[in-house]
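The structure appears right after this line, and notes come after that.
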Amino acid sequence: MHEPELKLDGAKLLTQLRELGEIGLDQELGGRTRIALTDDEKAGRDLVCRWMRELDLEVRIDRIGNIFGILRSPSDDGSQAPLMLGSHIDTVTNAGALDGCYGVLAGLAVIRAFRAARLIPTRSLCIAAFTNEEGVRYQPDMMGSLVHAGGLTLEAALASIGTDASRLGEELARIGYAGDLEPGSIVPHEYLELHIEQGPILAAENTLIGVVENLQGISWQQITIQGSANHAGTTPTRLRHDAGWVASAVVHHLREIAEDSGGSTLATVGCMRFEPNVINVIPRKATFTVDLRDPDEGRLQAAEQRLADFLVRTAEAEGVGIHSEQLARFEPVTFDAQLADEIETSASRLGLTHRRITSGAGHDAQMIARIAPAAMIFVPSQDGISHNPREHTDDDQLIKGAEVLQDVVLQRLDVTR
């Protein structure tokens with residue numbers, strides 16, 4: 001069978017990555033900040049929508065603000081399930097330029113190649129930019145794709161209160177992205193997401209393509225410890241109800257949980273604050289987050305239970321109150337084996353080094369996997385750095401990753417001229 005030739009415009013992809021990366025850029029810190037539904041993220045959305053329209057795509061916005069750019073096939077009367085490519089464009093604070101954006105803009109690059117070659121897919125192609133993937137301002141993270149997949153109600157998402165006390169639904173309307181499409185209306189036939197690894201494995205092994213087989217489960221909690229404030233110099237250790245000490249003991253125990261798993265479980269305390277936060281006062285209150293991850297659901301549950309048991313024992317021993325609130329909980333995901341095989345075949349066909357890999361980070365693909373076959377492609381992250389201005393992937397690696405995505409799309413679609 002003669003394969004139609006598609007030439008990906010790598011220079012255009014890199015230019016668009018740089019242009020989108022300028023939005024929210026802090027010249028002093030070097031990173032960009034486009035927190036979900038802020039004015040800077042609106043500017044990013046506007047730019048992506050403009051690029052979609054320049055490719056004559058049908059642009060649809062749903063009620064949670066997910067953006068879809070559709071290259072409609074002639075046989076599609078609106079009811080056909082499209083092949084969907086996507087990711088997100090919101091960022092963490094002071095972020096790199098690639099996380100999420102690369103997957104969205106590489107999808108547009110694939111469609112640009114179809115347009116340039118005057119090829120028409122017999123199945124529609126859809127590029128998705130999902131809302132609030134990072135979960136910085138509103139939780140849970142991956143919210144837009146989660147609502148799209150039916151894992152969170154639209155009403156609950158719109159009612160979410162942000163870290164700045166804003167209401168998500170009001171902010172969505174304010175920036176003009178409260179669309180009219182019902183979430184979940186566009187159910188993909190298959191879903192592919194191209195992403196930087198955000199980890200060190202591919203770069204360390206000098207491997208270009210990661211064929212993502214599965215994705216770790218994630219458990220987020222916020223723990224509040226209520227003790228008693230008292231003078232740091234006059235209160236004996238045996239009479240203290242020290243929320244700060246208890247918080248530190250929990251952090252130490254989390255490291256033990258991770259080490260005892262043999263490297264499978266990861267445990268992180270990313271946020272912590274004490275009250276009254278005074279050098280010579282025993283803390284009366286400590287609040288901190290816990291991020292637990294493991295690719296095995298049984299091990300993740302065991303880590304959660306071990307933490308819970310430790311909290312009960314420590315609360316009793318130290319005479320403090322401990323409350324734990326679940327912020328987010330996602331089970332591990334195994335991606336579609338056929339799509340993973342297709343990615344591996346495409347990498348081999350293009351002569352690119354590749355390996356099977358587990359994703360340590362959460363992605364929109366894990367939500368879409370609930371409703372359609374899904375898979376991911378990784379390219380290396382220099383030194384494994386992400387969520388940081390020093391996030392970097394070489395230009396040629398970015399282009400090769402997009403070429404693998406394009407080749408997989410071509411294998412999954414029939415085309416006509």
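The values are calculated or read from the model by the stated rules, or taken from the named source; none is laboratory data. Not measured: the values here are computed from a predicted model. Don't worry about glycine lacking a Cβ; one is built from the backbone with ideal geometry, like all the others, and counts go over all protein chains shown. Only protein heavy atoms, including side chains, enter the accessible area calculation; ligands, DNA and RNA are left aside. Shrake-Rupley method; radii C 1.70, N 1.55, O 1.52, S 1.80 Å.
Observations
- When the P(r) of segment 1-153 is calculated, the portion above 27 Å amounts to 24% of the C-alpha pairs.
- Toward the positive end of the charge dipole of the chain, with +1 on the Cβ of Lys and Arg and -1 on the Cβ of Asp and Glu, the farthest Cα among Cys126, Leu208, His387 is that of His387.
- The modelled label-to-label distance for the pair Gln222/Arg115, using points 7 Å beyond Cα in the direction of Cβ, is 4.3 nm.
- Across segment 183-276, the fraction of Cα-Cα pairs farther apart than 23 Å, rounded to a whole number, is 56%.
- Entry note, the chain: the mean residue ellipticity at 222 nm calculated from DSSP H runs of n ≥ 4, each adding -39500 (n - 2.57), is -10500 deg cm²/dmol after division by the residues and rounding to the nearest 500.
- Taking the centroid of alpha carbons for each part, segment 73-110 and segment 137-160 are 18 Å apart.
- Assigned charges on the beta-carbon of Lys, Arg, Asp, Glu; the chain dipole about Cα centre (debye): 440 debye
- Loop sites in segment 101-180: trypsin sites (Lys or Arg not before Pro), DSSP, at most 10 other Cβ within 10 Å: Arg118
- In range of the label at Leu181: residues from segment 122-145 whose backbone nitrogen is under 17 Å from the point 7 Å along Cα→Cβ: 123-133, 143-145
- With DNA, RNA and ligands ignored, accessible area of Thr334 (1.4 Å probe; Å², nearest 10): 120 Å²
- Amide N of segment 136-163 lying under 12 Å from the label point, which is placed 7 angstrom from the Cα of Glu170 along Cα→Cβ: 159-162
- Angle in degrees between helix 297-318 and the longest Cα principal axis of the chain, rounded to the nearest 10: 20 degrees
- Of the residues Leu83, Leu311, Leu350, the one whose Cα sits farthest toward the positive end of the charge dipole of the chain, with +1 on the Cβ of Lys and Arg and -1 on the Cβ of Asp and Glu, is Leu311.
- Taking 0.36 nm per residue of separation and subtracting the Cα-Cα distance, full extension of the segment from Arg313 to Leu239 would add 24.9 nm.
- Modelled FRET efficiency - R0 41 Å, Leu47 with Glu259, Cβ distances, 0.05 increments: 0.35
- Normalised by 2.2 N^0.38 Å, where N is the number of residues, the C-alpha radius of gyration of segment 134-214 stands at 1.43.
- Percent of alpha-carbon pairs separated by more than 18 Å within segment 213-352: 62 percent
- Value of relative contact order over segment 220-322, rounded to a whole percent, pairs C-alpha under 8 Å and six or more apart: 39 percent
- The residue list Ile257, Thr38, Gly135 was ranked by how far each Cα lies along the charge dipole of the chain toward its positive end, using unit charges on Cβ atoms, and Thr38 comes out on top.
- Relative contact order for the chain, counting Cα pairs under 8 Å that sit 6 or more residues apart, in percent: 22 percent
- Simple spin-label estimate for Thr153 and Arg370 in nanometres, 7 Å along Cα-Cβ: 1.4 nm
- Rounded tilt (10° steps) of 243-260 against the dominant C-alpha axis of the chain: 50 degrees
- Computed lengthening from Asp414 to Asp39, 0.36 nm per intervening residue step minus Cα-Cα distance: 131.0 nm
- Applying 1/(1 + (r/R0)^6) with R0 = 56 Å to the Cβ-Cβ distance of Asp56 and Arg273 gives a FRET efficiency near 0.65.
- Of all beta bridges that DSSP places with both ends in the chain, some 70 percent have antiparallel geometry.
- Among the GluC sites (Glu not before Pro) in segment 6-93, those placed in a DSSP loop whose Cβ has at most 13 other Cβ atoms within 10 Å are Glu22, Glu28.
- In the chain, the convex hull through the Cα atoms has an average projected area of 21.3 nm², a quarter of its surface area.
- For the peptides 69-78, 241-250, 94-103, the ranking by mean Cβ contacts within 10 Å, running from highest to lowest, is 94-103, 241-250, 69-78.
- Counting only Cβ charges, +1 for Lys and Arg and -1 for Asp and Glu, the dipole size of segment 46-132 around its Cα centre is about 240 debye.
- Label separation (Glu331 vs Ala204): 3.0 nm, computed from points 7 Å beyond Cα along the C-beta direction.
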